[in-house]
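Have a look at the structure below before the remarks.
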Amino acid sequence: MLLLTCPHCGVTAEETEFAPGGEAHLKRFGPGSDDDAFEAYMFNRKNPMGVHFERWRHAYGCGKWFIAARCTVTLEVFGTYPAQTTEPPAGIVETIKAKRPEWEGYK
Amino acid sequence: MSRRLASGGRLIDRARPLKFTFNDQHMSGFAGDTLASAMLGRGQVLAGRSFKYHRPRGVVASGAEEPNALVGLGKGERFEPNQRTTTTELFDGLSATSQNHWPSLEFDLLAANNLVPQFLTAGFYYKTFLRPRAFWKHVYEPIIRRSAGLGRAPDAESRDPDRYELVYGFADVLVIGGGVAGLQAALAAGRAGARVMLWEQTAHWGGRAPVDGVEIDGQPADSWIKSAVEALEGMENVSLRLRCMGAGVHDHGYVLGNERVADHLPGASGPRQRLWRVRADRVITATGAIERPLSFAGNDLPGVMLASAVRDYVVNWAVSPGRTVVVTNNDDAYRTAIALKEAGEDVPVIADARDEATGALPQKARDLGIRIMTGTGVQKVKGGKTVTGVALCRIDSDGSTHTEVLDCDAVAMSGGWSPVVHLWSHCGGKLIWDDAQAFFRPDPDRPPLGHDGAGFVACAGAASGALGAGDGLADAHAAGAAAARDTGATGDAGHPARAEAPEEAPLRQVWIMPARAGYALRMKMWLDFQNDVKVSDVQLAAREGYHSVEHTKRYTTLGMATDQGKLSNINGLAVLSDALDQPIPATGTTTFRPPYTPITLGAISGEAKGDLFQPLRRTPMHDWHAANGVHWEPVGQWRRPFAYLRAGEDVHQSVNREVLNARSNIGLLDASTLGKILVSGPDAGRFLDMLYTNMMSTLRPGKCRYGLMCNENGFLMDDGVVARLDEQSFLVHTTSGGADHIHGWMEDWLQCEWWDWKVHTVNLTEQFAQIAVVGPKARALLERLGGMDLSREALPFMGWAEGTLGGVRARVFRISFSGELSFEVAVPAAQGRAFWDMLLHQGRDLGVMPYGTEALHILRAEKGFIMIGDETDGTVIPQDLNLNWAISKKKDDFLGKRGMERVAMTDPDRWKLVGLETLDGSVLPHGALAVVEGVNANGQAQTEGRVTSSYYSATLGRGIAMALVRRGPDRMGEVLRFAGAHDARIEARIVDPVLHDKDGEKLHG
């Protein structure tokens, strides 16, 4: 069971205190988008072996959504940050690059 | 013959005899005995029968790794199957029964399986039971169920009367295993100042050091252990627990432990077991090592035991198996011969597979006059239900001739030791093969990683591969000190204790005995005692192409029994490696999975059973319902009244009464469970326009509007009435089950997509009691309460007003889910019950009567109103339900709009909502399918619709239904055939779903 730190309230807590929300940084495609873009938005999800960004909500705490950068193999958590962003903050990217030099970077 | 020695036994108290029964025979032992030592002490060697062949089986080991001596413990509702006698502490009145025999332990007819062992070889099930197909259910399965398997499951109707509890714990350093290594690691970490927890699975500290005659810091192990425990007990930052098994190490330092608080104290108050859930910064596993059996013919006979176990029984419990032949490939087993000899027992020979035995321990054995035969192994063990003798042979031979035959009562075998790496491996710790010591040990460079990417598990002592006590203590001290340092402790960890133990010569790797044994011998060499897997089975699997150790495991069932292969895995994969002609590390191990030993389900559920299984949500009127004949229906964590039964009624009659009364007088519905979410802020209207398929921003304050919410697929997710409170705030009503989900859904979009929109949401569901006052006399009742003008002019349909009713502050929504004149009144939750009582009292002469959720369903179905979860199933779009009127064409965007534009969503062949009228007036089964001629690709009947709601309508005096039917609305009047029970077909006509008050005169009344 993972330990995660909520970047909003600062609490480090058990996984059961949070609710997972799937892959982070999805771009929404609404009316007017073509079928391929809409399909990718709705259904195509990354499933990397390694660095991954995922949404979590501090459901039984402050209620806020945040994003965790995590290694799906070792379960190392590189950092968490508020969900109000369209891509990972530079600091997190730096941290990951330092720990995973082979990482191809975000996107 | 197995018996109690006249003196000795470091763990037993001869002054306290205890009585127990085994298969209803009265026996006795001493305080401090395990059930195994007590049974052996009075000569009961035979303990059970084996899984497939029903061969007689006795105790092999002395601890948690025991595969054979499993019994049913206790009686009646406290009965528990498959308990190891070796870990069961004896208590007065214990009752045990042997398992897996028919008709009796001594005489088992099914042992006939044993006469044709080829019959049950590897993959036997897969090969034998393929054909004929019909035989499986009626012939094969009943026979297999009778003959295979272990203990019987407890009676399904009985309830475990004992208490179990879950406990949360936190530690800087958690040390698992209270042998001398665990004590040393805890001492180092504790002295350094870390918060330490130390667990030991048995009832005694110190592990096997005292049995092995180790000296620590110049004193016998027992006295060092005593002072170490005292020192730890004196540290405020250290807590110690006996009888607590480290069950599993999980992600990020989450560890489960099973504490058997009172298994040995029947009738004691408090919990029987405790399940510990601990978060530890660092985990040290000082779990020791387990001795490996040797694979020789007849190694499963009662009386063949691990050498270390024989030693344990002699030293700890003063129990001797009798005249014992020792068979070994290492020096350690000589300790067993020496212990037996020193206890006055006869050891005719030590058969050592090595070419020479010259170390300190063999020398001591020689000095005691024990005969040692090197280069020698066991050809076969002789005996029926117990060992009567052993035939020896040259270790490198094919075993066709023996060199000598000896009479004996027991064989003590040792194939070397394997570190207990389970806990290290649970969470991803990697192993390396140590060829010199012939075992897998933890690779300290590849530990399980924590949330920060650092290793969080270390092994100490024998568990890390440091088998000798001297190396083990130094290793454990280093592990304890390092773990404490990692957690920020800065104190002085002190020095490790020094242990004195004789040097031991290297072992010889021996995986089968003799080395070139033929098939006749190999098919009598057991690897997995509990699942009856033999050397020949693994070799057969390899020949049949099972090259992966995980596949071989499943094909042969090696290591799949309740002992999880603690004795068999390494031997099995060595045999597999040999058959595949590859080195052992190339074969690798199977995956180690928690729990380390079985945990009873009671401990896992803890207190979460019965009334405490989950929290119960109660509306303010809950107690009134309970006192008035309620028949409950669970709705999420709520309990809602399904109907209120009066004397002499069944549920069906109650429901009909409630429906008719609501249509003719006044019905009251407790609607408090309805979701109530306040959405406010400058962008609230814009936000609701995105959430709902219709336009909400144009709603005027004082008005209500019905709306639909879809997910991005366009599938209907929730519905309800929105009331605009003022320019910037809306009260959103959701379905009862959907409140929390919809609130979460709103927050998701507000926080993660439109985070610059100024909107605030609050879930007010439990702040208000809500009561629907329904029926032609509803207005008359509310007007009696006084305080608000609720006339048709002042409060028209789909309006709401705020004021005071009968002295209670109230919001009155003029909405209807029944088709009747209806008001939903929300009052503060604290006054809900008083308001409910007031309505009942004031309305007595008007015929007021509460109704439940079933009447609610029927009333809405008569009116053709949809219900989320009945007419929808997560694949239904609003258009399917003819709700196009509730989908805005003016809005550029709303959630689900793009999804609805997909080709499949606009297909004219989609199943759409219609009403149904059975030709015979009967009630259609819920979910019944409309069938047409022909079959689909799977040979199933073709269908063109399904019933989504079906009830008996008391109003109409016949069955009514709603259904989704292919092109349904275009087919009014057509008769469909629905599948009923037992191939019956029920004919029903497609009709308009609105069956009651089509013009809405009552609704608008």
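Bear in mind that the values in this text are calculations on the coordinates, not laboratory data. These numbers come from a predicted model, not from an experiment. All Cβ positions, even for glycine, are placed from backbone atoms using ideal geometry, and neighbour counts span all protein chains on display.
Of note:
- With 10 Å bins beginning at zero, the pair-distance distribution over Cα atoms of the stretch B:758-820 amounts to 18, 50, 24, 7, 0 %.
- Where labels lie 7 Å past Cα in the beta-carbon direction, separation of A:Lys97 and B:Asp396 in nm: 6.3 nm
- Rg to Rh quotient for the stretch B:199-281, alpha carbon positions, Kirkwood Rh: 1.04
- R0 of 35 Å, Cβ-Cβ distance B:Leu919-B:Asn628: FRET efficiency to nearest 0.05: 0.35
- Taking Lys and Arg as +1 and Asp and Glu as -1, the other residues whose beta-carbon sits under 15 Å from that of B:Ala662 total 0.
- Burial ordering of B:Thr589, B:Thr85, A:Thr12, B:Thr562, fewest other beta-carbon atoms within 10 Å first: A:Thr12, B:Thr562, B:Thr589, B:Thr85
- Once you divide the Cα radius of gyration of the protein assembly as shown by 2.2 N^0.38 Å, the number left is 1.17.
- Average Cα contact separation per residue, the stretch B:876-1005, under 8 Å, 6 or more apart, as relative contact order %: 26 percent
- By the Kirkwood approach, averaging reciprocal distances over each pair of separate Cα atoms, the stretch B:842-958 gets a hydrodynamic radius of 17.4 Å.
- Between the listed residues B:Thr403, B:Thr906, B:Leu924, the Cα displaced farthest toward the positive end of the dipole of chain B, a dipole computed from Cβ unit charges relative to the Cα centre, is found at B:Leu924.
- Computing FRET efficiency as 1/(1 + (r/R0)^6) for B:Arg792 and B:Asp748, where r is the C-beta to C-beta distance and R0 is 56 Å, gives about 0.85.
- Principal-axis tilt of helix A:90-99 within chain A, Cα atoms, nearest 10 degrees: 70 degrees
- Taking B:Arg195, B:Arg844, B:Arg516 and counting other C-beta atoms within 10 Å, the order from fewest to most: B:Arg844, B:Arg516, B:Arg195
- Amide H contacts of B:Ala671 (H built 1.01 Å from N, in plane; Pro and chain starts excluded): B:Gln770, B:Ile771, B:Ala772 sit under 5 Å, all sequence-distant by 5 or more or on other chains.
- Volume per residue of the C-alpha convex hull in the stretch A:12-102, rounded to whole Å³: 126 Å³
- Of the trypsin sites (Lys or Arg not before Pro) found in the stretch B:517-621, those that fall in a DSSP loop while having at most 16 other beta-carbon atoms within 10 Å are B:Lys609, B:Arg618.
- As a proxy for reagent exposure, A:Arg45, B:Arg989 were ordered by neighbouring Cβ count within 10 angstrom, fewest first; the result is A:Arg45, B:Arg989.
- Under the span-like rule (Cα at least 24 Å along the axis, Kyte-Doolittle mean at least 0.0), DSSP H helices of chain B: B:469-486
- Simple spin-label estimate for B:Leu5 and B:Ala904 in nanometres, 7 Å along Cα-Cβ: 7.5 nm
- Summed residue charge, Cβ within 10 Å of B:Ala333's Cβ, Lys/Arg positive, Asp/Glu negative: -2
- Spacing of the two label points (7 Å from each Cα toward its C-beta) at B:Asp992 and A:Thr85, in nm: 5.9 nm
- Long-range HN-HN contacts of B:Lys382 with modeled amide H, under 5 Å: B:Thr388, B:Gly389, B:Val390, B:Ala391
- With the convex hull of the Cα atoms taken as the outline of the stretch B:666-903, the averaged projected area works out to 12.6 nm².
- Net charge of neighbours whose Cβ lies under 14 Å from the Cβ of B:Pro828, counting Lys and Arg as +1 and Asp and Glu as -1: +2
- For chain B, diffusion coefficient by Stokes-Einstein and Kirkwood Rh (Cα), 37 °C, 0.692 mPa s, µm²/s: 97 µm²/s
- Taking the convex hull of Cα positions in the stretch B:908-1005, its mean projected area over all directions (nm²): 7.4 nm²
- Square roots of five times the Cα gyration tensor eigenvalues for the stretch B:600-751, Å: 34, 25, 13
- Computed about the Cα centre, the dipole magnitude for the stretch B:749-878 is approximately 520 debye when only Lys and Arg (+1) and Asp and Glu (-1) carry charge, each at its Cβ.
- Between B:Lys137 and B:Leu406, residue separation times 0.36 nm minus the direct Cα-Cα distance comes to 91.9 nm.
- Couplings for the stretch A:46-51, taken from phi via the Karplus curve 6.51 cos²θ - 1.76 cosθ + 1.60 with θ = phi - 60°, read 6, 9, x, 9, x, 5 Hz in order; Gly and Pro are left as x.
- Mean sequence separation of contacting Cα pairs (under 8 Å, at least six apart), scaled by the length of chain B, corresponds to a relative contact order of 9 percent.
- The mean number of partner chain beta-carbon atoms within 10 angstrom of a residue's beta-carbon across peptide B:245-252 is 2.
- Peptide A:69-82 has a mean of 3 when you count, residue by residue, the C-beta atoms of other protein chains within 10 Å of its C-beta.
- Estimated FRET transfer efficiency when R0 is 30 angstrom, pair B:Asp756-A:Thr72 (beta carbons, to 0.05): 0.45
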